[in-house]
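Contents: one structure, followed by commentary.
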Amino acid sequence: MLLSGLLSVTFRRLHPDKIIDLVQRASLSGIEWGGDIHIPHGDLKRAQETRRRTENAGLQIFAYGSYYRSVASEEEGLSFNTILETAIALGAPIIRIWAGRRGSAEVDRKYRTLIAENIRAIGNTTQAQNIQVVLEFHSNTLTDSADSALCLIREVAHPNIKLSWQPPHAESTGIRLEGLKKILPYLLNLHVFHWKSGNGKLDRRPLNEGVDDWTTYLKVVNSPFRQCAAMLEFVRGDSPDQFLQDADTLRQLIENVSTGSAQ
């Protein structure tokens, strides 16, 4: 089952109330609240208040995007216990974290083992609170490719640790699709956007220009036995109007894929 939503970090400059209003206007199902601006780590009062306002608006809280980096954040003074307390206050069923601060090609076995052990411990802690954890699918981490992400998941070997996914910029649609299929058993959330590359730059584009690609991805992910939140991110120009257009596209994509009408 596919659900539609927004990562609040898409609009870092907007107050949470404005974001809630936008998501309501867009007829999306929920929000992942970010820990860098909207729900600061350890600010339990704000987390509780944002939870109340989100739920009163009839929206789901999909996750807490904590920006916690395995091992690195602890070394910098940010305890995962603070992240967990904030997620509990927010009522988030999922916490998104990052698998370290170094890419898979740059690390040795010792570093991978250190990250895996830390994430496994996080899995134990969150499982006791009935909260799941997803690893951000991102460059300069150990989940910078499908193969490395899958390897790390197997090294961690904890049922409470899953993955999010977003289309890697440097890969073709076909390679992305192969990677998505590899990690599918561990997938919880999708970050939805459409970028074009050219002249060494990345250009944010309207989602309706990426309908063919996203139809392909969503058809792979869609299943009556799995709930997956497909959440918009990286809106062109950070524009609320563009977001509303992208939200229309996302809802139509999900409807078409779910009803089998996508070609």
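The values are calculated or read from the model by the stated rules, or taken from the named source; none is laboratory data. All figures in this text were calculated on a predicted structure; none of them were measured in a lab. Positions of Cβ are backbone-derived with ideal geometry, glycine not excepted, and every protein chain shown enters the neighbour counts. Keep in mind that these areas ignore ligands, DNA and RNA; they rest on the heavy atoms of the full protein, side chains included. Shrake-Rupley method; radii C 1.70, N 1.55, O 1.52, S 1.80 Å.
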Cα-centre dipole for the stretch 1-100 with unit charges at Cβ (Lys and Arg positive, Asp and Glu negative), debye to 20: 360 debye
By average C-beta atoms within 10 angstrom, highest first, the peptides 62-71, 160-169: 62-71, 160-169
Dipole magnitude of the stretch 2-260 about its Cα centre (Cβ charges: Lys, Arg +1; Asp, Glu -1), debye to nearest 20: 220 debye
Once exposed loop GluC sites (Glu not before Pro) are cut out (DSSP; at most 15 other Cβ, 10 Å), longest piece of the chain: 77-170
Exposure rank, largest accessible area first [R101, R176; 1.4 Å]: R101, R176
1.4 Å probe accessible area per residue over the stretch 173-263, in Å²: 51 Å²
Loop sites in the stretch 215-247: trypsin sites (Lys or Arg not before Pro), DSSP, at most 14 other Cβ within 10 Å: R226
Cα gyration tensor shape of the stretch 135-226, rounded if a/c is under 1.5, else prolate or oblate by comparing a/b with b/c: oblate
Carbon + sulfur, % of accessible area of the chain - ligands and nucleic acids excluded, 1.4 Å: 46 percent
Selected from Y64, L184, L202, residue furthest toward positive end of dipole (the chain; charges at beta carbon): L184
Solvent-accessible heavy-atom area per residue, rounded to whole Å², over the stretch 1-143 at 1.4 Å: 43 Å²
